[in-house]
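The structure under discussion appears below in the form of structure tokens.
The values are calculated or read from the model by the stated rules, or taken from the named source; none is laboratory data. Everything numeric here is computed off the predicted structure, so don't read it as measured data. We place every Cβ from the backbone using ideal geometry, glycine too, and count neighbours over all the protein chains shown. Surface accessibility is based on the protein's heavy atoms, side chains included, excluding ligands, DNA and RNA. Shrake-Rupley method; radii C 1.70, N 1.55, O 1.52, S 1.80 Å.
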Amino acid sequence: MNQSIQFTGLQLWQAAEQRVCFGAQCLGALIPCYISRHQLEHLAGHPLPREEDVLLAFEQHRFDIEERAEGKIAEQEFGEDGAIYL
């Protein structure tokens with residue numbers, strides 16, 4: 001894992017966007033990161049009908065999610081708004 005990229009450990013379900021927001025810090029900058037419910041369902045291998053299910057799946061797959069986000073940050077694959085989307 002790249003030591004210059006650290007994840008905040010906080011996550012927030014955004015129901016309107018159907019995604020989980022989490023944060024990364026790189027060289028002092030806070031980078032918003034997002035993973036869609038669809039991607040979490042793919043990782044979990046089953047539907048995630050409730051917010052609690054989505055957040056549990058995020059926790060269960062946190063390492064893989066952060067690794068993917070770290071790769072996108074390292075490759076500077078930011079969205080137009082400066083965020084990382086998975």
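The residues listed here are Gly82, Gly9, Gly23, Gly71; of these, the one that is assigned to a loop (DSSP other than H, G, I, E, B) and out of contact with any Gly (no Cβ under 6 Å at 6 or more places or on another chain) is Gly82. Reported count of residues in segment 5-28, each being at pLDDT below 95, small (Gly, Ala, Ser) and open to solvent by 50 Å² or more (accessible area, probe 1.4 Å), is 1.
Applying the criterion of being hydrophobic (A, V, I, L, M, F, W, C) and out of contact with any Phe, Trp or Tyr (no Cβ under 9 Å at 6 or more places or on another chain) to the residues of segment 29-42, the residue that is most open to solvent (accessible area, probe 1.4 Å) is Leu30. Mind checking whether some residue in segment 68-80 is touching a strand residue (DSSP E or B) at 6+ places or on another chain (Cβ under 6 Å), acidic (Asp, Glu) and crowded, with 18+ Cβ neighbours inside 10 Å? Yes: segment 68-80 contains one or more residues that are touching a strand residue (DSSP E or B) at 6+ places or on another chain (Cβ under 6 Å), acidic (Asp, Glu) and crowded, with 18+ Cβ neighbours inside 10 Å. If you go through segment 40-71 and keep only what is within 16 Å of Leu27 (Cα to Cα) and within 11 Å of the chain's Cα centre (by Cα), you end up with Ala69, Glu70. All conditions but one from (1) modelled with pLDDT of 95 or more; (2) over 13 Å from the mean Cα position of the chain (by Cα) apply to Ala83; the one that does not is (2).
Do we have Ile84 as crowded, with 17+ Cβ neighbours inside 10 Å, in contact with a Cys (Cβ under 7 Å, 6 or more places away or on another chain) and β-branched (Val, Ile, Thr) here? It is true that Ile84 is crowded, with 17+ Cβ neighbours inside 10 Å, in contact with a Cys (Cβ under 7 Å, 6 or more places away or on another chain) and β-branched (Val, Ile, Thr). No other residue among Asp64, Asp53 is part of a helix (DSSP H, G or I), among the acidic types (Asp, Glu) and open to solvent by less than 60 Å² (accessible area, probe 1.4 Å) apart from Asp53.
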